[in-house]
Amino acid sequence: MKQVQCGSEVELTDLCKYYRVGEQQIRALDNLSLSIRKNEFVAIMGPSGSGKSTLMNILGCLDTPTSGRYVLHGQDVGGLDPRALARVRNREIGFVFQSFNLLPAYTALENVALPLFYAGVGRSQRLALAEQALLRVGLRERMHHKPQQLSGGQCQRVALARALINNPSIILADEPTGNLDSRTSHEVMELFQAVQEQGNTLLLVTHEDDIAAYARRIIRLRDGRIEQDTTIG
């Protein structure tokens, strides 16, 4: 994989993603350029169809751009094949989803350890690392409980611990408070804020202004382009 000299965690240059629907070409991302520094906390906002999901899929190495350049942690990943993208995804990126995506038959500890199983880490080591990750998100007393025995906020803490387990370059959180009540949402966001303050780069997609306010930078998309890029404080 080509190494690129880059001072940013994420560097997007003239990124385009086009889809064809019948005779129509949809420009999901249209010459979008963006730099995100290490340890930034960035919220991405915009109406439906603005390009948020497409951007997150490309940032998460779940999809590739039609054209343009994507540099992640000094590596040019924009044109990699699916197998190479999967390696980058497993090593460099942690995901947190609205629906938690926890396996119901597994305990919190086993759910958190799962990415290390796919990475070939031995059982004792991966469970020890999973325990450390759960301690980091404040779930010492619940690590042997299954998802149905946990509250929504606790499930999202498990999901965040799982995202942290591989010590990724960036964490991508897609509407992480969408299934939570207001009080729990703010408790989870305070945890995300603490994780970012400990050194992680965090990108958050949200529709909610009060959730975006936890970030230090808010990027608003419209029609596949950056409409507004605001640094807070």
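The values are calculated or read from the model by the stated rules, or taken from the named source; none is laboratory data. Computed from a predicted model, the values in this text were never measured in an experiment. Quick reminder, even Gly has a Cβ in these numbers, built from the backbone with ideal geometry, and neighbours come from all protein chains shown.
Overview of values
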{"item": "Single residue of the range 126-152 satisfying the filter (of a type in the set (Gly, Ala, Ser) and part of a helix (DSSP H, G or I)) that is nearest to the chain's Cα centre (by Cα)", "result": "Ala133"}
{"item": "Condition broken by Ala128, with the remaining ones in (1) modelled with pLDDT of 95 or more; (2) surrounded by fewer than 20 Cβ atoms within 10 Å (Cβ to Cβ); (3) within 26 Å of Ser53 (Cβ to Cβ); (4) aliphatic (A, V, I, L, M) satisfied", "result": "(3)"}
{"item": "Residue pairs meeting the criteria (Cβ under 7 Å; at least 6 apart or on separate chains; first among the β-branched types (Val, Ile, Thr), in the range 107-121; second part of a helix (DSSP H, G or I))", "result": "Val112/Ala130; Val112/Ala133; Val112/Leu134; Val112/Val158; Val112/Ala161; Val112/Arg162"}
{"item": "Number of positions in the range 51-77 that are within 17 Å of Tyr19 (Cβ to Cβ) and within 18 Å of the chain's Cα centre (by Cα)", "result": "12"}
{"item": "Asn167 part of a loop (DSSP other than H, G, I, E, B), free of Cβ contacts under 8 Å to residues at least 12 places away in the same chain and either out of contact with any Asp or Glu (no Cβ under 9 Å at 6 or more places or on another chain) or over 25 Å from Phe117 (Cβ atoms) (or both)", "result": "yes"}
{"item": "Considering residues of the range 10-26 that are of a type in the set (Asp, Glu) and in a strand (DSSP E or B) only, the residue surrounded by the most Cβ atoms within 10 Å (Cβ to Cβ)", "result": "Glu11"}
{"item": "Extreme residue, surrounded by the most Cβ atoms within 10 Å (Cβ to Cβ), among residues of the range 105-114 that are of a type outside the set (Val, Ile, Thr) and at pLDDT 95 or above", "result": "Ala108"}
{"item": "Selection within the range 82-138 - of a type in the set (A, V, I, L, M, F, W, C), touching a Cys at 6+ places or on another chain (Cβ under 8 Å) and over 17 Å from Gly152 (Cα atoms)", "result": "Leu85, Ala86, Val88, Ile93"}
{"item": "Any hit, the range 46-54, residues being touching a residue at least 40 places away in the same chain (Cβ under 8 Å) and touching a Ser or Thr at 6+ places or on another chain (Cβ under 9 Å)", "result": "no"}
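Results for (1) touching a Ser or Thr at 6+ places or on another chain (Cβ under 7 Å); (2) over 30 Å from Arg37 (Cβ atoms), shown as yes or no for each residue.
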site: Phe97; (1), (2): no, no
site: Tyr106; (1), (2): no, yes
site: Leu127; (1), (2): no, yes
site: Lys146; (1), (2): yes, yes
site: Gln149; (1), (2): no, yes
site: Leu180; (1), (2): no, no
site: Ser185; (1), (2): yes, no
site: Leu191; (1), (2): no, no
